[in-house]
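The structure under discussion appears below in the form of structure tokens.
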Amino acid sequence: MSMFSTGILVLTSPLHVLPLRIAPVLSSAAQVVESTLYVHLHPGLNLSTGGQVRPVYIPPMMDLCSLISRLYSNAADICGHLDVRVLLTNIRAQSGGLGASNGPFPIPQVLSHSPEVVLTDFPIQDPGESSLVSQCLQRYADHCYVCTPSLSSVLLYSGLEEVVGEEDNDRGRKETQLQSFTDVVVGGTFDRLHGAHKTLLNISCLLASRRFLIGVCDQELLKNKVLKELIEPYGRRVQRLQEFLNDVKPSLKYEIVPLSDPFGPSISDPELQCIVVSEETRRGGEAVNKKRVENGLAELVLYEIQLLKDAHHTDIEEEKISSSSLRTRLLGTLLKPPSPRPDLSPDPYVIGLTGGSGTGKSSIALRLEGLGAARIDCDQLGHKAYLPHTSAYQQILQEFGSDILNEDKTINRRILGGKVFGNQERLKALTDIVWPEIALLVKKEIQLAKERGFRFSDMKVCVVDAAVLLEAGWTYLVHEVWVATIPEEEAVKRIVQRDGVKEEEALRRLKSQWPNAKLVEDANVVLCTLWEPDVTQRQVLKAWSLLQQRIQQRKEENSRT
């Protein structure tokens, strides 16, 4: 079956049957759509009429909230690669006002990704009516949304198992309409928009009839987040939110504001009526109401949604679907493609590994060496750069004087360090001499590794272990940049334990280096040694395996050109 980038799934089963059908429907849809899957709810829609089927308003019922949660939960479990979005344009209490006769789609809605295929769970009783239903489905989708001119249709029912007896068992159940509010507010980080975020946003959109205010955590509120360096920039998170919300319910007025404290406008906006929280953030909602009362404002209705369980969480991840878990899964993967290096020989393939003090950078280099890479230790090469036979030696003497020499004419690094400590100008003078010398030594080591050959692997890889890789501008020596990172407080603990210095000294060392966030900006791959050694090893193995695939792919591409 052909794969399409974007599709619309029109669900026609009754709402009380859908929860049991969502999983197989999504599983079937994932075999057809590979990127974005919009979900359009129209229970009871009859596509076998042969005529023009018009969309109608579906009243917002309580069942919809649990259905939406179930849908996003199943999507995360079954087809996590898909960007699933539940559309709510036709979910609204029927209004007798101006334009109500036009229905929910007076003109086709423009989506951020134009659908190429429309799918449905509509049951086909007679195989002979498949063509008729397909045509009706296509006309229906074109009436609701702006689709590609060559829109295809796929009927999923034949591949689904029957749900026996469930419809009859629940037929007499009374449905409760969902309460609505003019203005609704939520807050969160909204990093790498996932199923739990989408559930929160969708239900908030269901509750809101006029305005939806979203506070997005920024700056101070991100300090204690796991792998905060991998959090998407504020602008990117806002962009994703805007795109998602405009697809889901374009009729609402959206306001997205940065949060630098836990409350933001939720404690000062008199028009707000409801705040949507989870089991985890309910206390935060209660704190908002306490502040509102202090400010002379009415309390907000707290609407609580359930957390979504993460069926794929590992031992270092949360049981719920969360952004922090998604960020840990990025460790060892390719975050961005390497910059082209036409001037570098493809053989060996050179990894530049960097990271601040205490990050476990060198332990990662040793693990890579164990997998077959040739390790080049720039700390050792740094010592060689000061030896009498190097060009840097004479330049250092000319710049800093002969009083830095020991009796054996070697440079006393402690005396030299005293001359540059706290003086950025003098320090730069020293690094301008030493760093080019180290770079020359790195080049020689790469060539030596190539001549000696590589162990355990057909892929020839060198790992340049260099704390100042980026600061020294050595990226021209490597094909990829890998960064080891660790929270600052953990790095301080490690430095104190390893070097026997006080916390103040350890912190001073860290402050003199490039911060994690700046290093990660240039990283192709990020690794973190925060957890147990076996977790680090799993990251390294993942990174190594993906690297081998990239190198092999590159070789195949070069052989074809």
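Taking +1 at the Cβ of each Lys and Arg and -1 at the Cβ of each Asp and Glu, which of Ile351, Leu193, Tyr303 sits farthest along the dipole of the chain towards its positive end, judged by Cα position relative to the Cα centre?
Farthest towards the positive end: Ile351.
Taking K and R as +1 and D and E as -1, what net charge do the other residues with C-beta under 14 Å from the C-beta of Ser402 add up to?
Computed value for this residue: -2.
So how strong a dipole does the chain carry about its Cα centre when Lys and Arg Cβ are +1 and Asp and Glu Cβ are -1, to the nearest 20 debye?
Value, rounded to 20: 940 debye.
Between Arg54 and Gln31, what is 0.36 nm times their sequence separation minus the Cα-Cα distance? Round to one decimal in nm.
5.5 nm
In whole angstrom, and with the biggest value first, how far do the Cα coordinates of segment 391-512 range along each principal axis?
Sorted from largest, the Cα extents of segment 391-512 read 49, 40, 26 Å.
Taking the Cβ of Leu416 as the centre, find all other residues whose Cβ is under 11 Å away and add up their charges (Lys, Arg: +1; Asp, Glu: -1).
Result for the local shell: +2.
Taking a spot 7 Å from the Cα of Glu557 along the direction of its beta carbon, which residues of segment 323-363 have an amide N less than 11 Å from it?
337-341
Hey, rough spin-label estimate for Gln306 and Leu335, points 7 angstrom out along Cα→Cβ, what's it come to in nanometres?
3.6 nm
Give me the one-decimal nm value for the distance between modelled label points at Phe105 and Gln177, 7 Å along each residue's Cα-to-Cβ direction.
With each label placed 7 Å out from Cα toward Cβ, I get 2.5 nm.
Projected onto the charge dipole of the chain (+1 at Lys/Arg Cβ, -1 at Asp/Glu Cβ, origin at the Cα centre), which of Thr431, Trp474, Thr89 gives the Cα projection farthest towards the positive end?
Result: Thr431.
Once you treat every alpha carbon in segment 376-442 as an equal point and sum by Debye, what is log10 I(q)/I(0) at q = 0.12, 0.14 Å⁻¹?
Debye intensities relative to I(0), on a log10 scale: -0.27, -0.38.
Given 0.36 nm per residue, what is the gain on full extension from Arg210 to Val293 after removing their alpha carbon distance, in nm?
27.5 nm
Please say if segment 1-132 is rounded, prolate or oblate, where rounded means a/c under 1.5 for a ≥ b ≥ c the square roots of the C-alpha gyration tensor eigenvalues, and otherwise the choice is prolate for a/b larger than b/c and oblate otherwise?
Taking the square roots of the gyration eigenvalues as a ≥ b ≥ c, segment 1-132 is rounded.
Rounded to two decimals, what is Rg over Rh for the chain when you use alpha-carbon atoms and the Kirkwood radius?
Looking at the chain, the ratio lands at 1.08.
Report in % the part of the accessible area of the chain that belongs to carbon and sulfur, leaving out ligands and nucleic acids; probe 1.4 Å.
50 percent
Under the definition of Cα pairs under 8 Å and six or more residues apart, what whole-number percent is the relative contact order of the chain?
13 percent
Could you give the nm distance between label points at Gln380 and Glu489, where each point is 7 Å from its Cα heading toward the beta carbon?
Modelled inter-label distance: 3.7 nm.
How big is segment 316-447 along each principal axis, measuring the range of its Cα positions in Å and listing the largest first?
62, 36, 27
Would you grab the residues whose amide H sits under 5 Å from the one on Cys528? Only those 5+ places off in sequence or on another chain, please, with H modelled 1.01 Å from N.
Under 5 Å from the amide H of Cys528 lie the amide H atoms of Thr485, each far enough along the sequence or on another chain.
Assign unit charges at the C-beta atoms only (+1 for Lys and Arg, -1 for Asp and Glu), then state the dipole size of segment 263-381 relative to its Cα centre in Debye, rounded to the nearest 20.
180 debye
Taking only the alpha-carbon positions of segment 332-386 and ignoring solvent, what does the Debye formula give for the base-10 log of I(q)/I(0) at q = 0.23 Å⁻¹?
One equal scatterer on each Cα of segment 332-386 leads to -1.18.
Would you mind computing Rg(Cα) / (2.2 N^0.38 Å) for segment 239-331, counting N as its residues?
Dividing the Cα Rg of segment 239-331 by 2.2 N^0.38 Å gives 1.32.
Report, ordered by chain and residue number, the lysines lying within cross-link reach of Lys502, taken as a straight Cα distance under 25 Å and ignoring same-chain residues fewer than 8 apart.
Straight-line reach from Lys502, under 25 Å: Lys223, Lys361, Lys419, Lys493, Lys511.
If you build the Cα gyration tensor of segment 173-277 and take the root of 5 times each eigenvalue, what three semi-axes come out, in whole angstrom, biggest first?
25, 16, 13
Once the other residues with Cβ under 13 Å from the Cβ of Ile91 are scored (Lys, Arg +1; Asp, Glu -1), what is the net sum?
+1
Stick to Cα atoms and the Kirkwood definition of Rh, then tell me Rg/Rh for segment 506-561.
Using Cα coordinates only, the ratio equals 1.17.
If eta is 0.890 mPa s and T is 25 °C, what Stokes-Einstein diffusion coefficient results for segment 171-228, Kirkwood Rh from Cα pairs, in µm²/s?
The Stokes-Einstein estimate is 181 µm²/s.
Estimate the FRET efficiency between Asn412 and Lys518 by the formula 1/(1 + (r/R0)^6), using the beta-carbon distance for r and 35 Å for R0, to the nearest 0.05.
So, using R0 = 35 Å, E works out to roughly 0.65.
With N denoting the number of residues in segment 451-561, provide Rg(C-alpha) divided by 2.2 N^0.38 Å, to two decimal places.
1.30
Using a Debye calculation, one point per C-alpha and no hydration shell, please list log10 I(q)/I(0) for segment 356-401 at q = 0.21, 0.29 Å⁻¹ in order.
Debye intensities relative to I(0), on a log10 scale: -0.75, -1.00.
Percent of Cα-Cα pairs more than 19 Å apart in segment 406-467, please.
54 percent
In Å², and per residue, what accessible area does the chain have when probed at 1.4 Å with the other protein chains present?
Solvent-accessible surface per residue comes out at 49 Å².
Can you list the residues, at least 5 places off or on another chain, whose amide H is less than 5 Å from the amide H of Ile305, using H built in the peptide plane?
Val277, Ser278, Glu279
The values are calculated or read from the model by the stated rules, or taken from the named source; none is laboratory data. None of the values given here were measured: they were computed from a predicted structure. Backbone-built Cβ (ideal geometry, glycine too); neighbour counts: all protein chains shown. Note: areas computed on protein heavy atoms with side chains; ligands, DNA, RNA excluded. Shrake-Rupley method; radii C 1.70, N 1.55, O 1.52, S 1.80 Å.
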